[in-house]
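Enquirer: Following this message is one structure expressed as structure tokens.
What follows draws every value from the coordinates through simple rules; no lab data is involved. Note that the structure is predicted; figures quoted are calculated from it, not measured. Methodologically, a virtual Cβ is constructed for each residue, glycine included, from the backbone with ideal geometry; neighbour enumeration extends over all protein chains shown.
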Amino acid sequence: MENLELDTTQVKKMLGKHKAKMKFYLGMCAHCSLCAESCFLFNSHDNDPKYMPSYKFINSLGTLYKKKGRIKQETVEEIKANIWERCALCTRCYCPFGIDIPSMIALARSIMRSQGVYPQYDEEKAHPLAE
Amino acid sequence: MQILNFLTPDILYDLARGPFVWASFVVFIAGCLIRTIRILSLTKKWEPTWNIPKPDKKDLSKIKKCPLARIKLSVFGTSPVTMVISVVFHLLIFVIPLFLLGHNILLQEETGISLFSFSQGATNVLTLIFLFCALFFFLRRILLARMRAISTCYDYIIFFIAIAPFLTGILAFYQPFNNYQTMIILHMLSGELMLIAIPFTKIFHMVFFFMGRFMLVGQHTLGRGTRTW
Ligand code: SF4
Ligand code: SF4
């Protein structure tokens, strides 16, 4: 993928629209990992922590809020992997606190899609099965 | 540092026992109220836009008959040990300070009212159980790869803020280092720090848990839920 500059103004605008709810969820997550087993992808990838729902939203939406959209290319790739390759957005993840995990991953997807970052199926390694 | 010279242990003791306690209670209660009101103002009343059929009575009785099956599907089924320890930890974090003899004597002195108290021996056992649960969480955080993957310094700080009052409390009681006054001052200060930290940190999940699971409508709401973001 070619180097891509994110339009931080637009990213910030999209982040700002949902800031109160999302920052609240990010702040309330106790980093307890109890949501892990509720994700079928976590279970089917040898319990790899990178497939844990909380890992995925912390390292996508969480990063976007923390860095206010100013992120490096490798972070863009990491976010892309977390929200597309490692999540099917099946909405089955379960957090005992009621944190709405799918809504966080969905917002990260919308933001990244607005920046032209989304899975392209002709791209090498776009899917783990293509490796 | 000279400015701090007046802070002799006796003065610090009096401050921690008096004004600091009231100040931290005010911050704790006001902070929790403000944050709760903020969530209420950020959410609106939810009316289902479609008709949710009332569950079949027969189905309900089936669920009631096999609560075990429901529990197995929850985090109690996937992480039973962690969950049992977590429930004990969270119950004790309220029970120990509320029903501690020493706290109730102070409360009686200050306000004329007091709650039921456990004997000192019982409280000591409960505190040791609490610290054992805390040790379990600590080991879980440093040993499990999945916990390390999402743990930050902040998690450890919050953890120590939460257990410090208990640790210093038990050390003040048993006095293994013969330093009752230092420990009791640290105990009071750490308890006050915890109270102040509750509304402003992750510990606010103490309140948010009930809002997140019972009030906000979502995939896993317990009951119907009444509000949405
Ligand atoms: S999302 Fe919920 S279950 Fe998962 S780590 Fe955060 S608090 Fe724990
Ligand atoms: S929405 Fe994503 S994170 Fe949640 S269970 Fe499905 S695949 Fe896992």
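Enquirer: Inverting the mean 1/r over all pairs of different Cα atoms, compute the Kirkwood radius of chain B and quote it in Å. Walk me through the intermediate numbers first.
Expert: On the way: mean 1/r = 0.0478 Å⁻¹.
This gives a value of 20.9 Å.
Enquirer: Using a 10 Å cut-off around each Cβ, can you sort B:VAL217, B:VAL26 from fewest to most neighbouring Cβ atoms? If you can, show how the numbers build up before the last one.
Expert: Working: B:VAL217 17, B:VAL26 12.
In increasing order of surrounding Cβ atoms, one gets B:VAL26, B:VAL217.
Enquirer: Evaluate the charge dipole of region A:38-128 about its Cα centre and quote only its size in Debye, nearest 20, assuming +1 on the Cβ of each Lys and Arg and -1 on the Cβ of each Asp and Glu.
Expert: Values: 13 positive and 10 negative charges, 96 e Å.
Dipole size: approximately 460 debye.
Enquirer: Next question, about the same structure. So what is the relative contact order for chain B, in percent, with contacts set as C-alpha pairs under 8 Å and at least six apart?
Expert: Details: 163 pairs, mean separation 64.6, N = 229.
Reported as a whole number, the value is 28 percent.
Enquirer: For the protein assembly as shown, just the Cα set please: Rg and Dmax, both in angstrom.
Expert: Rg and Dmax of the protein assembly as shown, Cα atoms, are 23.9, 76 Å.
Enquirer: When the helices in chain B are scored as -39500 (n - 2.57) per DSSP H run of 4 or longer and the sum is shared across all residues, what 222 nm value do you end up with, to the nearest 500 deg cm²/dmol? Spell out each step's value before the answer.
Expert: Numbers: 12 runs with 162 residues, N = 229.
It comes out at -22500 deg cm²/dmol, rounded to the nearest 500.
Enquirer: What average count of beta carbons from other chains do you get within 10 Å of the Cβ of residues in A:100-106?
Expert: Numbers: counts 7, 1, 2, 3, 0, 0, 0.
Counting other chains' Cβ atoms within 10 Å and averaging over A:100-106 gives 2.
Enquirer: How far, in degrees from 0 to 90, does helix B:101-111 lean away from the longest principal axis of the Cα atoms of chain B, to the nearest 10?
Expert: Computed tilt is about 80 degrees.
Enquirer: B:ALA69 to B:THR182: extension gain in nm, 0.36 nm per residue of separation minus the Cα-Cα distance? It would help to have the intermediate numbers written out before the result.
Expert: Values: separation 113, 0.36 × 113 = 40.68 nm, distance 5.08 nm.
My answer for the length gained is 35.6 nm.
Enquirer: Still on this structure: Quick one: putting +1 on the C-beta of Lys and Arg, -1 on the C-beta of Asp and Glu, what dipole do you get for the protein assembly as shown around its Cα centre, in Debye to the nearest 20? Don't skip to the end; give the middle numbers.
Expert: Numbers: 40 positive and 24 negative charges, 288 e Å.
In total the dipole reaches around 1380 debye.
Enquirer: Follow-up question, since we're still on this one. For helix B:153-174, what angle does its Cα long axis make with the longest principal axis of chain B, in degrees from 0 to 90 and rounded to 10?
Expert: Orientation of helix B:153-174: about 50 degrees from the principal axis.
Enquirer: If you don't mind, there's one more thing I want to ask. Of all alpha-carbon pairs in region A:1-129, indicate the percentage at a distance above 23 angstrom. Please report the intermediate quantities before stating the final value.
Expert: Details: 2349 of 8256 pairs.
Tail of P(r) above 23 Å: 28 percent of Cα pairs.
Enquirer: Which three extents, in angstrom, do the Cα atoms of region B:117-229 have along their principal axes, listed largest first?
Expert: Taking max minus min along each principal axis of the Cα atoms, region B:117-229 gives 54, 38, 25 Å.
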